[in-house]
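Here is the structure we will look at, set down as structure tokens.
Quick note: the coordinates plus some simple rules give every number you see, no bench work behind them. Note that the coordinates shown come from a computational prediction; the quantities given were computed from them, not determined experimentally. We place every Cβ from the backbone using ideal geometry, glycine too, and count neighbours over all the protein chains shown.
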Amino acid sequence: MGYGRIAGVDEAGRGCLFGPVYAAAVILDPDRPIRGLADSKTLEEDRRDELFEHIRQRAAAWAVGVASAEEIDRINILQASRLAMRRAVESISPPCDYLLVDALVIDLPVPQRALIKGDARVRAIAAASIVAKVSRDAHMRELDAQYPDFGFARNKGYGTEEHMEALKRLGPTPFHRRSFAPVLEALQGNLL
């Protein structure tokens with residue numbers, strides 16, 4: 001049985017200490033190819049932004065799903081990543097009839113295949129990794145304006161030296177993932 005609407009699915013921000021995890025689902029249009037798709041982690045920011053615009057214009061469909069820091073703390077980062085992916089897939093229109101997912105299985109009644117390093121092997125998953133990363137990075141720049149001492153526009157919520165120093169000095173924000181050890185330690189240190 002052939003599938004006509006195959007979506008690639010990936011997430012961004014799983015290893016961060018701050019902010020939501022983002023996921024994207026992308027159905028590529030075979031009649032409107034996009035050159036240069038690759039795992040978002042291997043691309044420079046300018047190139048990711050450029051490819052994101054091409055995906056927006058040329059993909060048959062795409063959607064983004066998010067799971068908040070609060071949800072991450074409640075159900076754990078793995079389950080929150082799967083939740084964000086499910087939300088992306090449920091939002092895509094027209095709906096997909098098959099999923100190619102980077103490393104995970106999504107709790108949906110849609111035929112699917114989890115592929116290790118799928119973002120480096122499958123163009124649709126690479127496109128999803130770009131959409132998720134660019135969307136999350138834009139959100140991090142917005143939150144940087146609210147919390148300028150943490151450097152979120154630069155570190156995107158990862159545990160850089162700048163971020164860790166601000167976390168120890170100022171304590172966690174409402175968007176920090178309290179179930180992650182460095183944040184929990186900073187929270188406990190600020191309560192003493």
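The table below lists the values:
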{"quantity": "CD proxy at 222 nm, helix term only [per DSSP H run n ≥ 4: -39500 (n - 2.57); per residue of the chain; nearest 500]", "calculated": "-14000 deg cm²/dmol"}
{"quantity": "Helix axis angle, 123-146 relative to the chain longest principal axis, alpha carbon, degrees", "calculated": "30 degrees"}
{"quantity": "Cα-based shape type of region 116-164, given that a ≥ b ≥ c are square roots of the gyration tensor eigenvalues and the cut on a/c is 1.5", "calculated": "oblate"}
{"quantity": "Placed amide H near Y98: partners under 5 Å, 5+ positions off or other chain", "calculated": "R5, A7"}
{"quantity": "Cα-based reach from K133 at 23 Å (exclusive), listing lysines while leaving out same-chain residues under 8 positions away", "calculated": "K41, K117, K156"}
{"quantity": "Relative compactness, region 66-151, computed as alpha-carbon Rg over 2.2 N^0.38 Å", "calculated": "1.21"}
{"quantity": "Net lengthening on full extension, L108/A145 (0.36 nm per residue, minus Cα-Cα)", "calculated": "9.7 nm"}
{"quantity": "Beta bridges by DSSP in the chain, antiparallel share as percent, to the nearest 5", "calculated": "65 percent"}
{"quantity": "Charge sum, other residues only, whose C-beta stays under 13 Å from E44's C-beta, Lys/Arg counted +1 and Asp/Glu -1", "calculated": "-2"}
{"quantity": "In nm, spacing of pseudo-spin labels at D29 and Y3 (7 Å Cα→C-beta vector)", "calculated": "2.1 nm"}
{"quantity": "In degrees, nearest ten, helix 161-170 long axis to first principal axis of the chain (Cα)", "calculated": "50 degrees"}
{"quantity": "Region 1-151, relative contact order [Cα under 8 Å, separation at least 6], %", "calculated": "36 percent"}
{"quantity": "log₁₀ of I(q)/I(0) at q = 0.10, 0.19 Å⁻¹ - the chain, Debye sum with one point per alpha carbon", "calculated": "-0.41, -1.20"}
